[in-house]
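Inspection log for the structure reproduced underneath, given as structure tokens.
Coordinate-derived values only; no laboratory data. Just so it is clear, the model here is predicted, and its values are computed rather than measured. Neighbour counts are summed over all protein chains in view; Cβ atoms, including those assigned to glycine, are modelled from backbone coordinates with ideal geometry.
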């Protein structure tokens, strides 16, 4: 599990303990053991789906006893509930960290950073990215409302805030429908980013190949978008 800021994760674990989703026993484990358990849960959920997660396999992957997992989470459902809550909060926090700067910088730079930053995060946080992909693209009903919808809403609203700020600065047309355009642009950003991260999607989208890089796509798509939403004669 490629989590660079374990102190940030620990803060969430403290809150989830307060909420009754994990026990003090887990919270008191050293970070390496906590990370091993979470990695095992995510790997099992990615391979088999959250509803088919095998707690024996999780224990084997994490190199802990089944009894220890029950001490940490109470039961199998508690184990998954904790993991979904922790991952969801961590991912949403990551996006929130860049909110103010993305809103403040010119929209041209903001959209490029939004796409490139999302791809970079997905490449460095592969376990979390794959877990979210499983939830989003495989129609895992158990995860739609708990992790997919909250993050998707946060992403769309961030793009909407970026456009609204750019409109206020005079970078975009004064009659621009911010909400509708944010939905379209965010969807395009997700498609371009996911095609880079998920080769099987690129087989269908055919965005990238040996001669077409992510950087080339960004250089082409940002002017294309700005031509549609940029400052023009309102008439």
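At R0 = 45 Å, how high is the FRET efficiency between residue 180 and residue 138 if r is their beta carbon distance? Nearest 0.05 is fine. With a Förster radius of 45 Å, E is 0.95. Sorted into 10 angstrom bins from 0, the C-alpha pair distances of region 98-229 split as 12, 41, 34, 13, 0 percent.
Taking every alpha-carbon pair within the chain, the share separated by more than 24 Å comes to 51 percent. Length gained on full extension, residue 187 to residue 105, computed as 0.36 nm times the residue gap minus the Cα-Cα distance: 27.4 nm. Estimated from the Cβ-Cβ distance and a Förster radius of 22 angstrom, the FRET efficiency linking residue 96 and residue 76 is about 0.10. Shown for 99, 28, 134: other C-beta atoms within 10 Å of each C-beta, ranked fewest to most, produce the order 28, 99, 134. Convex hull volume of the Cα atoms of region 6-86, normalised per residue: 78 Å³. Between residue 126 and residue 24, the FRET efficiency estimated from the beta carbon spacing at R0 = 22 angstrom works out to 0.15. Its relative contact order, with pairs defined as Cα atoms under 8 Å and 6+ residues apart, puts region 6-86 at 37 percent. The listed peptides 194-206, 41-53, ordered by packing as a protection proxy, come out as 41-53, 194-206 (highest mean of other Cβ atoms within 10 Å first). Each label was represented as a point 7 Å from its Cα along the Cα-to-Cβ direction; for residue 210 and residue 14 these points are 5.3 nm apart. Residue-normalised convex hull volume from the C-alpha trace of region 48-110: 122 Å³ per residue.
Pairs of Cα atoms nearer than 8 Å and 6+ residues apart set the relative contact order; for the chain it is 20 percent. When peptides 175-185, 157-167 are ranked by their average number of other Cβ atoms within 10 Å per residue, the highest-first order is 157-167, 175-185. Rounded to the nearest 10 degrees, the angle from helix 76-97 to the longest Cα principal axis of the chain is 30 degrees.
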